[in-house]
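Visitor: Sharing a structure, written as structure tokens. Questions coming.
The values are calculated or read from the model by the stated rules, or taken from the named source; none is laboratory data. Everything numeric here is computed off the predicted structure, so don't read it as measured data. When we count neighbours, we look across all protein chains shown, and the Cβ atoms used for this are built from the backbone with ideal geometry, even at glycine.
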Amino acid sequence: MKGTRVSALVTGLAAALVLAGCGVPPSGVIQAGDPATGMTPGVNVYFLSGGSLVAVPRQIPFGAGVSTAVRLLFEGPLVPEAGKLSTELPQLKLAPEVAVETDGTVVIRLFEGVAPFGKIGMEQLVCTVAAAPRRAPPPAVPTSVPTSAQTADAATPTPTPTISTRQGLAAGRPRVLVIGDGWHLSAQQDVPCPAA
């Protein structure tokens, strides 16, 4: 029994020496790119298929929100989608300016030379805005010092309504205001948008 243990020990040491001498040098830490951060987030933008709204997924960078979604919508369908999808929105030479007001209204400012568009184009925008991730605007800051005649309640700033980071397609009922050169359009989501 003792000889079996010794023989097993000798065999193990011999195997370790053979493996150690196989000529493969040790290496340090090998860099292989950026660390894993999970899946790239997606957003639905709304195009038309056969005259009806359809949700089309798009990848967006981490931290991107409603402004990126609106820009992707105005860029229109991708080349492989062009035979199946269309849009009622104009092609833009410059990306629109997008801002979220304290009441949750999304204001989209277009540059001069863009003609007004119709109800279906506004539906595309409203549904895209409803599906896009949004951050709450910063809280309101009082701009004046209360006088002694004012009550404590009057001096307390009104809390700013919060917007969830990702509103449901039917929840939130976003209002969209589009401002063009000498015109403006306004619409609010009144029915649920189609899901992807």
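Visitor: Please go through (1) at pLDDT 90 or above; (2) among the β-branched types (Val, Ile, Thr); (3) out of contact with any Asp or Glu (no Cβ under 7 Å at 6 or more places or on another chain) for VAL18 and return the number of the only condition it doesn't satisfy.
Guide: (1)
Visitor: Residues of segment 84-107 being closer than 18 Å to PHE47 by Cα and assigned to a strand (DSSP E or B), which ones?
Guide: Listed by number, the list holds a single entry, SER86.
Visitor: Can you give me the number of residues within segment 32-59 that are modelled with pLDDT under 90 and either among the basic types (Lys, Arg) or part of a loop (DSSP other than H, G, I, E, B) (or both)?
Guide: Adding up the residues that qualify gives 10.
Visitor: Let me ask you something else. Would you confirm whether any residue within segment 179-194 is in contact with a Gly (Cβ under 9 Å, 6 or more places away or on another chain), modelled with pLDDT of 90 or more and surrounded by fewer than 14 Cβ atoms within 10 Å (Cβ to Cβ)?
Guide: Scanning segment 179-194 turns up at least one residue that is in contact with a Gly (Cβ under 9 Å, 6 or more places away or on another chain), modelled with pLDDT of 90 or more and surrounded by fewer than 14 Cβ atoms within 10 Å (Cβ to Cβ).
Visitor: I'd like to know if segment 158-175 contains one or more residues that are at pLDDT below 90, at positive phi and not aliphatic (A, V, I, L, M).
Guide: Checked against the condition, which is being at pLDDT below 90, at positive phi and not aliphatic (A, V, I, L, M), segment 158-175 yields at least one hit.
Visitor: When you scan segment 96-112, how many residues do you find that are within 13 Å of VAL66 (Cα to Cα) and surrounded by 13 or more Cβ atoms within 10 Å (Cβ to Cβ)?
Guide: 10
Visitor: Report whether or not PHE62 is under 17 Å from the mean Cα position of the chain (by Cα) and modelled with pLDDT under 95. Can you show your working first?
Guide: Details: under 17 Å from the mean Cα position of the chain (by Cα): yes; modelled with pLDDT under 95: yes.
Yes: the conditions hold for PHE62.
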